[in-house]
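For reference, the structure discussed in these notes is given below.
The values are calculated or read from the model by the stated rules, or taken from the named source; none is laboratory data. Everything numeric here is computed off the predicted structure, so don't read it as measured data. Here the Cβ positions follow ideal geometry from the backbone for every residue, glycine too, while neighbour counts run over all protein chains shown. Ligands, DNA and RNA are excluded from the accessible area calculation, which covers all protein heavy atoms including side chains. Shrake-Rupley method; radii C 1.70, N 1.55, O 1.52, S 1.80 Å.
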Amino acid sequence: MTTQTDRVDHELIRSAAHVAATRCRGDNHTMAAAARARDGRIITAVNAYHFTGGPCAELVLIGAAATQGAYDLDTIVAVGDRDRGVVPPCGRCRQVLLDYFPALKVIVGTNNGLRTVPVTDLLPESYVWADHQLGAEESTPLSTT
């Protein structure tokens, strides 16, 4: 069950919607994403669809943010072209976003409107990649037997 964490960042949604309306062309670019960095900047990107697969807008955005020196994102949203509105991240994007930004907030659409939720709510009982890398703190054993 998701819990609301913040008011919805409508400026972020407008930014993604603008990119979707003006930069998405044909079948190669159908989704736009916008994220607010901790310093307030808004970074945008579009997906790069290809029949062999391709990165979603959220994943392209991670690279675009890094090229702009934004390594700490606060909130992200994806918007579909052709006025499809806010679209939640796919499973792969949810996992990558969690791994890169465990405190990230994600704007999603629900039957009751838009909500801002922690990325961890989108992947309950999730696998956190960083927790399983060499040098990660030892976890408490589940059983003492």
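Which order do you get for 104, 123 if you rank them by accessible area with a 1.4 Å probe, largest at the top?
Largest accessible area first, the list is 123, 104.
Compute the distance from the alpha-carbon center of segment 1-78 to that of segment 101-124, in whole Å.
With segment 1-78 and segment 101-124 each reduced to a Cα centre, they are spaced 14 Å.
Heads up, I need the accessible area for residue 13: 1.4 angstrom probe, whole protein in place, Å², nearest 10.
Rounded to the nearest 10, the figure is 30 Å².
Describe numerically, in nm with one decimal, the distance between label points set 7 Å from Cα along Cα→Cβ at residue 48 and at residue 66.
1.2
Helix-only mean residue ellipticity at 222 nm, the chain, DSSP H runs n ≥ 4 weighted -39,500 (n - 2.57), per residue, nearest 500. What is it?
After summing the helix terms and dividing by residue count, I get -8000 deg cm²/dmol.
Once you sort the root eigenvalues of the Cα gyration tensor of the chain as a ≥ b ≥ c, which label holds: rounded (a/c under 1.5), prolate (a/b larger than b/c) or oblate (the other case)?
Since a/c reaches 1.5 and a/b is larger than b/c, the shape of the chain is classed as prolate.
Run the numbers for residue 41 and residue 10: contour at 0.36 nm per residue of separation, minus the present Cα-Cα distance, in nm.
So the chain would gain 9.7 nm between residue 41 and residue 10.
For segment 1-81, what is the charge dipole size about the Cα centre, in debye to the nearest 20, if Lys and Arg each add +1 at the Cβ and Asp and Glu each add -1 at the Cβ?
160
I need the phi-derived Karplus couplings for segment 102-115: 6.51 cos²θ - 1.76 cosθ + 1.60, θ = phi - 60°, integer Hz, Gly and Pro marked x.
Computed from phi, the couplings for segment 102-115 are x, 9, 5, 9, 10, 8, 10, x, 10, 4, 9, x, 8, 9 Hz.
If the only charges are +1 at each Lys and Arg Cβ and -1 at each Asp and Glu Cβ, what is the size of the charge dipole of the chain around the Cα centre, to the nearest 20 debye?
620
Put +1 on the Cβ of each Lys and Arg and -1 on the Cβ of each Asp and Glu in segment 62-124; which of 110, 122, 97 then has its Cα farthest toward the positive end of the dipole?
110
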